[in-house]
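The values are calculated or read from the model by the stated rules, or taken from the named source; none is laboratory data. Fair warning: this is a prediction, and the values are worked out from it, not measured in the lab. A quick note on method: Cβ atoms are made from the backbone with ideal geometry, for glycine too, and the neighbour counts reach across all protein chains shown.
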Amino acid sequence: MNETARPAFYALAPGSWRDYVTLLHPPYTLWHLSYVAIGAALAPDFRPWILGFGLLAFFLAMGVGAHALDELHGRPLQTRIGRTTLVALAVVSLSGATAIGIAAAFRTSLWLLAFVAVGTLLAVAYNLELFGGRLHGDPWFSLMWGAFPVLATYFAAAETIRLEAVLAATFAALLSHAQRRLSTPVRLLRRRAVAVSGRIELADGSALPITRETFTEDTERAMRALCGAVVALALALVILRVT
């Protein structure tokens with residue numbers, strides 16, 4: 001597949017196992033799971049089992065389930081995965097994540113069930129654009145993909161929410177908002193634009209051509225750098241707690 005024709009910079013050529021790799025949105029899923037690690041590492045009582053099961057639950061819910069529903073709703077990644085398979089992936093993965101959350105709630109605090117219910121609702125409503133799309137958009141993305149995993153995992157470990165958790169959730173929400181603002185125009189160009197043309201005229205009389213790559217390359221480099229940054233931060237916090 002041509003570089004500029006791919007629906008995302010991480011998308012592989014369509015077909016076979018490659019579709020399932022693409023479906024995971026690997027860099028963004030890793031980014032999202034880093035917030036889980038940050039939440040677990042910030043809790044006063046570091047519980048490795050909370051981190052492990054939190055990573056598994058959010059991988060299932062967001063990495064697999066939410067992305068399967070997103071692909072079911074409009075085929076943004078242009079995979080060849082069948083509709084029935086996507087539905088099965090969503091149901092099984094969301095059910096697995098819910099079961100993990102319920103089990104954790106009975107070992108920690110039953111208030112964690114509220115996070116489980118809200119997370120499941122948002123995963124379905126956001127990606128299928130239910131309720132007229134009222135739960136779909138930049139603010140909901142920032143809360144769902146950024147703040148929520150930090151708060152949910154922190155609460156699972158600490159059984160309360162303290163100021164550091166709120167500040168970390170704010171950090172995650174703002175960073176997710178930046179991710180969304182960077183990725184939205186790139187998705188438009190990669191998935192919907194037919195042609196891009198024009199030029200930028202400089203003060204010295206020279207001109208730079210405007211192409212699809214003009215708008216995508218630097219932005220996607222920035223997103224890769226942000227992904228690497230948040231993963232490095234998460235790893236640093238976890239290493240700090242285990243050593």
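Numbers at a glance
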| read-out | value |
| --- | --- |
| Unique match (being of a type in the set (S, T, Y) and touching a Phe, Trp or Tyr at 6+ places or on another chain (Cβ under 8 Å)) among S206, S176, S197 | S176 |
| Criterion: assigned to a helix (DSSP H, G or I), touching a residue at least 24 places away in the same chain (Cβ under 8 Å) and exposed (fewer than 11 other Cβ atoms within 10 Å of the Cβ) - qualifying residue of L240, L233 | L240 |
| Considering residues of segment 64-97 that are more than 19 Å from the chain's Cα centre (by Cα) and farther than 26 Å from G54 by Cβ only, the residue surrounded by the most Cβ atoms within 10 Å (Cβ to Cβ) | I81 |
| Test: residue in segment 211-218 that is part of a loop (DSSP other than H, G, I, E, B) and touching a strand residue (DSSP E or B) at 6+ places or on another chain (Cβ under 7 Å) | no |
| Where A8 falls short, out of the listed (1) at pLDDT 95 or above; (2) surrounded by 18 or more Cβ atoms within 10 Å (Cβ to Cβ) | (1) |
| Pick from segment 21-54, criterion within 18 Å of the chain's Cα centre (by Cα) and under 9 Å from T153 (Cβ atoms), ranking: surrounded by the fewest Cβ atoms within 10 Å (Cβ to Cβ) | L51 |
